[in-house]
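Heads up: the structure comes next, in structure tokens.
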Amino acid sequence: MFVVESPIGPLGVAVEGDVVVGVRFGAAVRSPAADHAAAEQLRAYFAGELTDFTVPFDLRGGSEFERAVWGEIAKIPYGEMITYGAIATALGDPGAARAVGTACNHNPIPVIVPCHRVVGAGGKMVGFGGGLDRKRQLLELEARIALTRAWG
């Protein structure tokens, strides 16, 4: 595991070879960031230079439902948001919004698999494994960059 410093605090990044297998908020161990594509892409993302991660990742563990939720989350475009209920509906169970929230909280690769783009009904800022302040910062970063790119 190596650490990438970011505006939302240190991120611990676990890799196996070229593949990212985990990202953790508030990494306590301050090992220097490896010369790895994940470190480069995370830095570029926070600098507003990258909107689509291309580093390979492997979503390990989780139930079949959680893996399905993570797959839906991975499809959410940069700068956009979707509700927990919309993901539940896309998975064929409109009543499973809370279960979607739990699955988001178990996402092993936050930021790269953008669970911060999932919001409550009506766009409410609810729940996030990294804390609501981090979620807000990530959404604000993406909104600012998306608007700048769209409107110059």
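A compact table of results
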quantity: Pick from the range 142-152, criterion in a helix (DSSP H, G or I), out of contact with any Gly (no Cβ under 7 Å at 6 or more places or on another chain) and of a type outside the set (Val, Ile, Thr), ranking: least open to solvent (accessible area, probe 1.4 Å); calculated: 150
quantity: Any hit, the range 106-121, residues being within 15 Å of the chain's Cα centre (by Cα) and of a type in the set (D, E, K, R); calculated: yes
quantity: Of all residues making up the range 106-152, the number that are modelled with pLDDT under 95 and in contact with a Cys (Cβ under 8 Å, 6 or more places away or on another chain); calculated: 3
quantity: Matching residues in the range 96-118 - criterion: being out of contact with any Gly (no Cβ under 9 Å at 6 or more places or on another chain) and touching a residue at least 60 places away in the same chain (Cβ under 8 Å); calculated: 112
quantity: Selection from the range 84-96 of residues that are crowded, with 19+ Cβ neighbours inside 10 Å and either over 27 Å from residue 141 (Cβ atoms) or aliphatic (A, V, I, L, M) (or both); calculated: 87, 88, 96
quantity: Those residues of the range 118-136 which are touching a helix residue (DSSP H, G or I) at 6+ places or on another chain (Cβ under 7 Å) and either farther than 19 Å from residue 52 by Cβ or part of a helix (DSSP H, G or I) (or both), in sequence order; calculated: 120, 121, 125, 127, 128, 129, 135
quantity: Among residues of the range 38-70, those that are more than 26 Å from residue 101 (Cα to Cα) and among the acidic types (Asp, Glu), counted; calculated: 2
quantity: Among the residues listed as 12, 17, 48, 61, the single one being without any contact (Cβ under 8 Å) to a residue 40 or more places away in the chain and at positive phi; calculated: 17
quantity: Residue satisfying all of: in the range 64-83; free of Cβ contacts under 8 Å to residues at least 40 places away in the same chain and part of a helix (DSSP H, G or I); most open to solvent (accessible area, probe 1.4 Å) among these; calculated: 64
quantity: Count of residues meeting criterion [at pLDDT below 95 and surrounded by 16 or more Cβ atoms within 10 Å (Cβ to Cβ)] in the range 53-63; calculated: 1
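The values are calculated or read from the model by the stated rules, or taken from the named source; none is laboratory data. If you're wondering where the values come from, they're calculated on a predicted model, not measured in any experiment. Using ideal geometry, Cβ is built from the backbone for each residue, glycine included, and neighbour counts are taken over all protein chains shown. These area figures cover heavy atoms from the full protein model, side chains too; ligands, DNA and RNA do not enter into them. Shrake-Rupley method; radii C 1.70, N 1.55, O 1.52, S 1.80 Å.
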